[in-house]
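What follows is a set of notes on a single structure, which appears directly below.
The values are calculated or read from the model by the stated rules, or taken from the named source; none is laboratory data. Note that the structure is predicted; figures quoted are calculated from it, not measured. Don't worry about glycine lacking a Cβ; one is built from the backbone with ideal geometry, like all the others, and counts go over all protein chains shown. The area values use the complete protein model at the heavy-atom level, side chains included, leaving out ligands, DNA and RNA. Shrake-Rupley method; radii C 1.70, N 1.55, O 1.52, S 1.80 Å.
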Protein chains: 2
Amino acid sequence: MTITDVAKAAGVSRQTVSNALNSPEVVREETLKHVLEVIERLGYRANQAARQMRTGRSRLIAIGIEPDGDGISGSWADRFLHSLSETAAQEGYRILLYTAADDDSEIATYEDLLGAYKPDAFVLTATHHDDLRASWLLERGLPFVAFGRPWSDLPDARHPWVDVDGAAGTEAATRHLLAAGHRRIGFIGWPPGSGVGDDRREGWARALSRQDLSGLQRAVEDGIAAGESAALDLLAADPGVTALVCASDSLALGALQAREPGRPVAVIGFDDTPAARAVGLTSVHQPLGEAAAACVDLLARALESPDAGPPSAHVLLAPTLTIRQSA
Amino acid sequence: MTITDVAKAAGVSRQTVSNALNSPEVVREETLKHVLEVIERLGYRANQAARQMRTGRSRLIAIGIEPDGDGISGSWADRFLHSLSETAAQEGYRILLYTAADDDSEIATYEDLLGAYKPDAFVLTATHHDDLRASWLLERGLPFVAFGRPWSDLPDARHPWVDVDGAAGTEAATRHLLAAGHRRIGFIGWPPGSGVGDDRREGWARALSRQDLSGLQRAVEDGIAAGESAALDLLAADPGVTALVCASDSLALGALQAREPGRPVAVIGFDDTPAARAVGLTSVHQPLGEAAAACVDLLARALESPDAGPPSAHVLLAPTLTIRQSA
């Protein structure tokens, strides 16, 4: 539905429709009334301005964008934001972007945005234990959805969320290796305590224990160099290890470099990043477009029926394994 | 400047300041007046809401986000958007995100946004020959800045822009190879006619002709597979070629795969993507953060002095060469 469709249906020029929307004072009253009626009848979306004035809603959804870290595993925002913008527009919302260095500055930004732009809702990313942002929004009854689970069982951590089942991803990766005949499969992950990292470790351990197997693991901060030294250490500790599952593509790229000539080691990463594609790394693929669309869907439903109370709806999406040369 | 600073200066709680901004009806009239005075005096930014009502300005800058292509060379949006959001916030603006498949749908989106959100300005990306979007915005006198040059000499194509000097980037890459002793240096680029692609080819040709040299070139659509076959073809056509400069990291990743054992070929890409980092590809680095900040700077200046007429200010940034193992 474009402004041209509206013009045709109303029997006026595109410019007149545009004026009716943007500069109503220059349009004859009769014409204005007619055009606005056609717009209303066709449900043309630019009618948001009128709707907004009527409802006091901004039709804005705010989301924070993080610095991209080493640019490898962190760079999911491109794909997520594209889908978020596209699906939000279909529901009549636009995306308001901001940056924040930590929880506290993100909360200060919420206050700023609420004062100046009154976004209808927020999308939280990078959820973590004791997430101050979620509590702040919950206390004030502000609609939001988290991309990422609330990593807490506390009742006040209940809010709508969308997430990808990381454990299912590493479990699928490990089963792929088991099916190829590997029996000694190691894991390179992050230090315990991060919800996302613990979840990814859990899937690997579960797949092994179902076959009465266990494996060595190492925990390091994310990064290619850290992945390489952790893999070197693990491979030296058990010369029988023939495969590694990693919590991120960054760690997996390091693990690839740790391989020695004459000792083939299968490696699987997590995130299916462009870097994984470039080097032929088998990796767990997160359905980011679908996740963004699910965020918009949960928010749109909450915003259409605000009286239904804080919804605790959630969507847990299954990742898939993108198989390439490395495993 | 945070809400806490305002609270301290006003001698009230943070909650009271927040209420004064977001729910003034629950604050005692006297307190409200006092808090708003302090906010005004300190120039606290959340005061935008009031300023916006006064000035009719939305304090929103709209930018489109493209699908990420193969996710390698296309994925600059993460870095650019982060810097754009951060620097815009410092100037008191926020970023409104949208998607559009082509020029026509982007123009329809402009109309939509102007009707519903009244953004103060637009950032155009992926400028190209005969850019309908720029003409549309220019005709209406709407403030915008392009990230990318107007690829036309027509006088009506004059508008503020920020760009990275692609020719300077490939020239630096080629000079780096010349300094290392290479004399037969090929170029893998895109079909003629794209402003960005022609510019990058130009820098390579210029560096060679300054040494009275010339080289073979191939032109293909972007992509790893296309880069590989173009490089195979070029290397077969001239067995003396020892180095390749490529118009993108995707093409360069393909060129790396085209190398045969026993014939070392130096390869340089363009964009310094995460994939380049992962495989050790030397690549031309674009200062995307600086480019985004320059866009905000040009817009903020145009918006502060709207009567200065359509400014034709522009900023051409120099890229740098990130040297890794491949060249």
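What to note about this one:
- Whole-angstrom Cα spans of region B:218-295 along principal axes, big to small: 45, 23, 19
- Across the identical copies, the label point of A:Leu32 (7 Å from Cα in the Cβ direction) is separated from its matches by 3.0 nm, in order from shortest.
- Buried accessible area, chains B and A (both chains, 1.4 Å probe, Å² to nearest 100): 4500 Å²
- Site pair A:Arg158 and A:Arg28 shows an inter-label distance of 6.0 nm when each label is modelled 7 Å from Cα along Cα→Cβ.
- Top of B:Pro192, B:Pro24, B:Pro264 by mean-square fluctuation, Gaussian network on chain B, Cα under 10 Å: B:Pro24
- Between region B:239-287 and region B:89-138, the Cα center-to-center distance that results, in Å: 34 Å
- Residue-averaged beta-carbon neighbours from other chains (10 angstrom radius) around B:93-102: 6
- Inter-chain Cβ neighbour count for B:81-90, averaged per residue, equals 5 (cutoff 10 Å, partner chain atoms only).
- Accessible surface of chain A, 1.4 Å probe, proportion on carbon and sulfur as whole %: 52 percent
- For chain B, built as a Gaussian network whose Cα springs stay under 10 Å, the top-fluctuating residue of B:Leu96, B:Leu213, B:Leu303: B:Leu213
- Take B:Thr322, move 7 Å from Cα toward the beta carbon, and the resulting point lies 1.9 nm from the same point in each other copy, nearest first.
- Highest to lowest packing among B:235-242, A:254-261, B:145-152, scored as the average C-beta count within 10 Å: B:145-152, A:254-261, B:235-242
- Volume per residue of the convex hull around the Cα atoms, evaluated for the protein assembly as shown, comes out as 183 Å³.
- Evaluated on region A:166-285, the Kirkwood hydrodynamic radius is 13.6 Å, with distances taken between all distinct Cα atoms.
- Highest mean packing first, where packing is the average number of other Cβ atoms within 10 Å per residue, the peptides A:273-282, B:269-278 line up as B:269-278, A:273-282.
- Taking all protein chains into account, the per residue accessible area for region B:105-144 stands at 33 Å² (1.4 Å probe).
- Crossing angle, helix A:195-209 versus chain A [Cα axis fit, 0-90 degrees, rounded to tens]: 50 degrees
- Across peptide B:115-123, the mean count of Cβ atoms from other chains lying within 10 Å of each residue's own Cβ comes to 5.
- Angle between chain B longest axis and helix B:224-237 axis [Cα atoms, degrees, rounded to 10]: 30 degrees
- Helical content of chain A, expressed as a calculated mean residue ellipticity at 222 nm, amounts to -14000 deg cm²/dmol (DSSP H runs of 4 or more residues, -39,500 (n - 2.57) each, divided by residue number, nearest 500).
- Distances from B:Gly280 to itself in the other copies, using label points 7 Å out along the Cα-Cβ axis, amount to 1.6 nm in increasing order.
- The modelled label-to-label distance for the pair A:Gln211/B:Ala225, using points 7 Å beyond Cα in the direction of Cβ, is 3.2 nm.
- Top positive-direction residue, dipole computed over region A:77-126 with Cβ charges, set A:Thr99, A:Ala116, A:Ser85: A:Ser85
- Evaluated with a Cβ-only charge set (Lys, Arg +1; Asp, Glu -1), region B:180-284 carries a dipole of roughly 380 debye about its Cα centre, given to the nearest 20.
- A simple spin-label model places the labels of B:Ser105 and B:Ser305 4.0 nm from each other, with each point 7 Å out along Cα-to-Cβ.
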